[in-house]
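Structure first, commentary second.
The values are calculated or read from the model by the stated rules, or taken from the named source; none is laboratory data. Keep in mind that this is a model prediction, so the values were computed, not measured. A quick note on method: Cβ atoms are made from the backbone with ideal geometry, for glycine too, and the neighbour counts reach across all protein chains shown. Calculation scope for accessible area: heavy atoms of the full protein, side chains included, ligands and nucleic acids excluded. Shrake-Rupley method; radii C 1.70, N 1.55, O 1.52, S 1.80 Å.
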Amino acid sequence: MVEQVDVLVIGGGVNGVGIARDAAGRGLSVWLCERDDLAAHTSSASTKLIHGGLRYLEQFEFALVGKALAEREVLLRAAPHIIWPLRFVLPHQPHLRPAWMIRLGLFLYDHLGRGRRTLPGSRRVRFGKHVTGEPLRDDFSVGFVYSDAWVQDARLVVLNAMDAARRGVHIETHTRCVSARRDGEGWTAELEARDGSRHFVKARALVNAAGPWAASFLDDVAHVKHQHSLRLIKGSHIVVPKIFEHRYAYIFQQPDRRIVFAIPYERDFTLIGTTDIEYKDDPSHPTITAEETSYLCDAANRYFKKQLTPNDVVWSYSGVRPLLQDEAGSASEVTRDYLLDIDQNGPPLLNVFGGKLTTYRKLSEEAVDKLAPLLGNHQPAWTADARPLPGGGERDIDELLADVRATRPWLPETFAWRLVHSYGTRARDLLGEADGLNALGEHFGADLYQAEVDYLVRHEWATEAEDILWRRSKLGLRVTPPDVQRLTDYLSTKR
């Protein structure tokens, strides 16, 4: 049997699921395939920020920054349980950038994108009188504070996929497209599942949202001639035991004019990143190098009293960003904007090149604006004012947390916080009628129980331990190898 749909999307990263969701919401039938897990690659390896990109102002990317800042407001409304405001501190070093330049940049940052709206504006601080000065070296006396937002990146992808599925999108993970060919009526794609079985999907249009593999998909799978090339940039992050107690994050200027963030992470840790280096190897399994680890430790050591060494690193991750090829000499200067290319040499082919996490919704909207009319669909864009993503139905997350704790006093405080900030209102569904921890089923270490595992398998396409421990959550930081093995054994019974 051959499935027939309007649109086949290749790629289960944030752009792929965003496009699938938008298209389905306009009445198109959509099929999406992802060769690995949702958000398995670039979309789960970000610095986990919803931000305009303050440093892009120096590259005169005003349109990109304005677009991203406007999107920041949309996404704060769409997923308040996994996206929340975060204040950033920029210690001032006069020899790197003069104070007037920073103040001007922050003024623009406050007012681009139709204004900051809900988030507090930037201001100057004296570290001797501000909590953020305590962990900094004594030679820093003043700095600047501004607003951006934090996101659980992989969960953002999954929630978009859940909403897409609710609107009728068929999502296949661990399924790769082995061939795609045009004929007079559309595209015929052959898809191969993890067990080796194959089936065909016919679509009136094809979306290539394969991320780092977007160009190779055209070359090796669709066999479509094109003039596009991607510049693959690897970004790496390290996680260390927390360096400071407060809730602010830091943005540090480096002697090479790059920017490194230090961000509160998973209650007990600090996330430090990112690097920007050219990458020529397989994008599937990028890893941090010793040089990158040292670079990030040195970057933090220039600012913090507590000095880091590579031995302090408890976890690291790397991702490959597929950026548009341009004339920039430095990897950090390559544009983060995107290109949507429509190939109409036969049935439509939409190629997605570049992009960043913050602008995925706008990218998806523009993609469907281009594609839908070619399929006779003229429904208006809808996602900017849509109801929140799954779990985001209550804007006041503190009130939701208080309610969950009040109705389930047996739930440890940190456990309740994690559930609410991962699942929002759906935390209630996950917990069900449980009246104690024992009622949540088998314990897999940390605060992971069978009830949550079953929920993730049933509703969020989780099939492997890594899906749960490093993408649906970050409990991999807290579990032991025996815990991982028991979880792996349990999941093998669910397939």
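Structure notes:
- Overall form of the stretch 188-239 per C-alpha gyration tensor (a/c, 1.5; a/b vs b/c): oblate
- Extension reserve of the Arg176-Thr407 stretch, reckoned as 0.36 nm per residue once the Cα distance is removed: 78.8 nm
- Percent RCO, i.e. relative contact order, over the stretch 430-495, from Cα pairs under 8 Å lying at least 6 residues apart: 30
- Net charge of Cβ neighbours under 13 Å - reference Arg478; Lys, Arg +1; Asp, Glu -1: -1
- Heavy-atom accessible surface of the stretch 329-418: percent carbon and sulfur, 1.4 Å: 46
- Protein accessible area in the stretch 41-96, 1.4 Å probe - carbon and sulfur %: 64
- Cross-link pairs Lys225/Lys370; Lys202/Lys280; Lys356/Lys474; Lys48/Lys474; Lys202/Lys370 - those with Cα-Cα distance over 24 Å: Lys202/Lys280
- Sparsely packed chymotrypsin sites (Phe, Trp or Tyr not before Pro) within the stretch 25-76, loop by DSSP, other Cβ within 10 Å at most 13: Phe60
- Counting only protein heavy atoms and a 1.4 Å probe, the chain has 41 square angstrom of accessible area per residue.
- Whole-number percent relative contact order across the stretch 1-144, with pairs defined as alpha carbons under 8 Å at least 6 apart: 18
- Of the beta bridges in the chain, as assigned by DSSP with both residues counted there, near 75 percent are antiparallel.
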